[in-house]
């Protein structure tokens, strides 16, 4: 697992679902309550992971933060999921967060 902190964006890269299952997002929010999260994953996304990520989104939205998931291959299953933002590259995730910040500043 790799964690980077830059410009109030926390980038987390993990290669297994166990990290995602065990990650204590409430504790994270106490320390990083002003941070958006980019989660970079290199494993299969299933319904269990989708449920976990939806829980992450609920917790992050309490502090007006976002979760963006970087996944190499975006298939139809991911496209149909409207609650989680999936992007193919880290740069796109950063761009998305920056756009969200601009929209929030403009009140959109």
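When DSSP beta bridges are restricted to pairs lying wholly in segment 1-46, around 45% turn out antiparallel. With only the Cα atoms considered, segment 58-102 has a convex hull volume of 72 Å³ per residue.
Placing R0 at 25 angstrom, the Cβ-Cβ distance between residue 26 and residue 81 gives a FRET efficiency of 0.60 after rounding to 0.05. Quick one: Debye curve from the alpha-carbon atoms of the chain only, equal weights, vacuum; give me log10 I(q)/I(0) at q = 0.22, 0.23, 0.24 Å⁻¹ to two decimals. So the normalised log intensities work out to -1.39, -1.52, -1.66.
Could you tell me what percent of the DSSP beta bridges with both partners in segment 2-106 are antiparallel, to the nearest 5? Around 25 percent antiparallel, to the nearest 5.
Modelled label positions at residue 17 and residue 34, each set 7 Å beyond Cα in the direction of Cβ, lie 3.6 nm from each other.
A helix-only calculation puts the chain at -13500 deg cm²/dmol for mean residue ellipticity at 222 nm, using -39500 (n - 2.57) for each DSSP H run of at least four residues, averaged over all residues.
One Cα centroid belongs to segment 12-28, the other to segment 31-61; the line between them spans 8 Å.
Gain on full extension, evaluated as 0.36 nm per residue between residue 89 and residue 103 minus their Cα-Cα distance, stands at 2.9 nm.
All of the numbers you see were taken from the coordinates with simple rules; none came from a lab. All of these numbers come straight from a predicted model, not from anything done at the bench. In this analysis, Cβ positions are derived from the backbone assuming ideal geometry, glycine residues included, and neighbour counts consider all displayed protein chains.
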